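Student: Structure incoming, see below.
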C-alpha cells in the first residue's frame with residue numbers, strides 16, 4: 001500500500017471515530033453534574049442534553065460573599081437560568097437571602113423571583129418580597145439590593161410593619177452602611193400612610 005492510501009484510510013478512521021464520539025455525547029448522554037467554585041461561590045449545575053432546546057438551568061444555587069467591612073451576603077435559589085447575553089446575570093426562582101451586617105442585625109429576604117449579578121453581587125428581588133429585620137417586616141413587589149452602593153431600594157406596594165405602626169408608601173430607601181432611611185411617595189400630592197397598632 002502506498003503512503004497516500006494509508007494516510008487516507010487513517011484520516012477516514014479518525015473522522016468516523018470523531019463523528020461517533022460527538023453523536024454519543026450529543027444524543028445519548030442524559031445528564032451530568034458540574035460543580036463550579038469561585039470566590040466563595042458554589043453552584044451545582046445540571047445539564048440536560050435530551051432535547052433540541054439548549055437550556056442553561058441551574059438547580060440549588062448558593063452564593064456567598066463578604067465585603068471589606070465584614071458584612072456577609074448569602075443568596076439561595078431553588079433554580080436559576082443564566083442570561084445568554086451576559087453570563088454574570090442569573091435569573092432566579094424561589095429566592096432567599098441573608099444579609100449579616102457587622103455590628104447590627106440580620107436581614108432575611110424572600111421572593112418568588114430574582115436577578116443576581118455574580119460580578120458585583122447586586123440583586124433584584126421581585127414578586128411577593130418579604131424582608132425581616134429585628135422586629136420589622138417589609139412587604140413589597142420589588143427590591144433593588146446593592147453591596148457596592150450600600151443600598152436597598154424597596155418599592156411597589158410597600159407595607160412596613162413593626163410593633164407600633166403599619167406604614168404604606170411607594171418607596172423605602174435604606175443606606176446599609178449608615179442605616180439612613182428615606183420613605184416617600186412618587187407623587188407629591190400623595191402622603192405616606194401611617195397607622196398605629198395600639
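The values are calculated or read from the model by the stated rules, or taken from the named source; none is laboratory data. For clarity, every value in this text was computed on a predicted model and none was experimentally measured. Cβ atoms come from the backbone with ideal geometry, glycine included; neighbour counts cover every protein chain shown.
Student: Would you say residue 119 is without any contact (Cβ under 8 Å) to a residue 60 or more places away in the chain, within 19 Å of residue 74 (Cβ to Cβ) and surrounded by 14 or more Cβ atoms within 10 Å (Cβ to Cβ)? So that I can check it myself, show each step before the final result.
Tutor: Working: without any contact (Cβ under 8 Å) to a residue 60 or more places away in the chain: yes; within 19 Å of residue 74 (Cβ to Cβ): yes; surrounded by 14 or more Cβ atoms within 10 Å (Cβ to Cβ): no.
Answer is no for this residue.
Student: Then there's this: Going through segment 147-163 one residue at a time, which ones are surrounded by fewer than 17 Cβ atoms within 10 Å (Cβ to Cβ) and at pLDDT below 90?
Tutor: Within segment 147-163, 148, 149, 150, 162, 163 qualify.
Student: Just to be sure I understand the filter: pairs with C-beta atoms under 6 Å, separated by 6 or more residues or on different chains, first member in segment 128-154 and on the phi > 0 side of the Ramachandran plot and assigned to a strand (DSSP E or B), second member at pLDDT 95 or above and buried (at least 17 other Cβ atoms within 10 Å of the Cβ). Which pairs pass?
Tutor: Here the result reads none, with nothing in segment 128-154 linked to a residue that is at pLDDT 95 or above and buried (at least 17 other Cβ atoms within 10 Å of the Cβ).
Student: Using beta carbons and a limit of 6 Å, which pairs, at least six apart or on different chains, have the first residue in segment 88-102 and touching a residue at least 60 places away in the same chain (Cβ under 8 Å) and the second one outside any loop (DSSP other than H, G, I, E, B)?
Tutor: These pairs meet every condition: 99/73; 99/107.
Student: Looking only at segment 67-88, count every residue that is within 29 Å of residue 179 (Cβ to Cβ) and surrounded by 15 or more Cβ atoms within 10 Å (Cβ to Cβ) and tell me the total.
Tutor: 8
Student: Which one is modelled with the lowest pLDDT among residues in segment 186-198 that are over 28 Å from the mean Cα position of the chain (by Cα) and part of a loop (DSSP other than H, G, I, E, B)? Walk me through how you get there before you give the answer.
Tutor: Here is the first cut: in segment 186-198, the ones over 28 Å from the mean Cα position of the chain (by Cα) are 187-198.
Applying the additional criterion that residues be part of a loop (DSSP other than H, G, I, E, B) yields 187-192, 197-198.
On the way: 187: 87, 188: 84, 189: 87, 190: 87, 191: 88, 192: 87, 197: 78, 198: 70.
Checking each candidate, the answer is 198.
Student: Taking the residues in segment 122-141 that are closer than 19 Å to residue 78 by Cα and buried (at least 17 other Cβ atoms within 10 Å of the Cβ) as candidates, determine which candidate is farthest from the chain's Cα centre (by Cα).
Tutor: The residue in question is 131.
Student: For segment 105-116, name all the residues that are surrounded by fewer than 18 Cβ atoms within 10 Å (Cβ to Cβ) and over 14 Å from residue 137 (Cβ atoms). Walk me through it before giving the result.
Tutor: Within segment 105-116, the subset surrounded by fewer than 18 Cβ atoms within 10 Å (Cβ to Cβ) is 105-106, 108, 110, 112-113, 115.
Those that are surrounded by fewer than 18 Cβ atoms within 10 Å (Cβ to Cβ) and over 14 Å from residue 137 (Cβ atoms): 112, 113, 115.
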